[in-house]
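Bear in mind these aren't lab numbers, they're just calculated from the coordinates by the rules spelled out. Predicted model, so just to flag it, every value in this text is computed and none were measured. Cβ atoms come from the backbone with ideal geometry, glycine included; neighbour counts cover every protein chain shown.
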Amino acid sequence: MNNSVSNTGRLLWAGLRALLVLTLVTGVVYPLAVTGVAQALFHDKANGSEVKAGGRVVGSALIGQAYNLPLKKGQETPEPDLKWFQGRPQNGLGTNSLNTRYQLILSGATNRSADNEDLIDWVTAAKAAVVKDNSVPGHTVRPSAVPADAVTSSGSGLDPHISPDYADLQVHRVAEKNGLPVARVQKLVDEHTEGRTFGFVGEPRVNVLELNTALKALTARS
């Protein structure tokens, strides 16, 4: 009887020591080591790929943002602020009681097939809006020039990038709204166009937040 109690006590004490050691190693030492390495070698990525302007964080290079005008009284759908470059449509996020688009509560695609009536209506309306918004005096956008990413949301609905074609399409409108030369705005787009990763992975792209941050700095200087 005494041996049984003694053995049980030793086993419990051994288990407790193992629990304490593993808790210390996996719950304290390992997280601190990983955090230290990440901060030392990948500081920008470890902190969320922050984009800063004027000394403050304005967003993440990994997450898209909406560039809309404030809602007017009785208005439910905001209008785009056309002095800024616009990102992809946000239909993929949808709406529910928690999410009102780009709030990061959820992400996802529309999950609608190519012949779905809702999707067709969204794309048709988005294409008409792109043509209308980006046609300015002396420059008319042809419907055939509207790229796919201008009228469809990404798989996550949070894509921070647009294609160079969509960025180029917006140049004349952004230049006109901000009183800037078209050539200067086009140069800004070219400077912020990223090539394929490693030269062959993915497609060329433009980060909308970084482009608009540079645009704001340019307009401030002008």
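Here's how it looks for Val51: its modeled amide H is under 5 Å from those of Val58, Gly59, Ser60, Ala61, which are all 5 or more places away or on a different chain. Helix 30-41 axis versus longest C-alpha principal axis of the chain: approximately 40°, rounded to the nearest ten.
Working from Cα pairs under 8 Å separated by at least six residues, relative contact order for the chain is 18 percent. Pairs from the list Lys52/Lys72; Lys83/Lys132; Lys52/Lys216; Lys177/Lys216 with a Cα-Cα gap above 21 Å: Lys52/Lys72. Taking the 0 to 90 degree range and rounding to the nearest ten, how far is the long axis of helix 182-191 tilted relative to the main principal axis of the chain, both from C-alpha atoms? Orientation of helix 182-191: about 20 degrees from the principal axis. Karplus-based coupling profile of the range 150-166, in residue order and whole Hz: 7, 10, 10, 7, 7, x, 8, x, 10, 4, x, 10, 10, 6, x, 4, 5, with θ = phi - 60° in 6.51 cos²θ - 1.76 cosθ + 1.60 and x standing for Gly or Pro.
In terms of other Cβ atoms within 10 Å, Lys73, Lys45 run from fewest to most in the order Lys73, Lys45.
Think of each Lys and Arg Cβ as +1 and each Asp and Glu Cβ as -1; about the Cα centre, that makes the dipole of the chain roughly 700 debye. Shown for Ile162, Ile120, Ile63: other C-beta atoms within 10 Å of each C-beta, ranked fewest to most, produce the order Ile120, Ile63, Ile162. Between Arg56, Arg112, Arg17, where does the largest GNM mean-square fluctuation fall for the chain, given springs only between Cα atoms within less than 10 Å? Maximum among the listed residues: Arg17. Comparing Thr124, Thr35, Thr110 in a Gaussian network model of the chain (Cα springs below 10 Å), the most mobile by mean-square fluctuation is Thr35.
Largest GNM mean-square fluctuation among Asn178, Asn134, Asn116, using the chain with Cα springs under 10 Å: Asn116.
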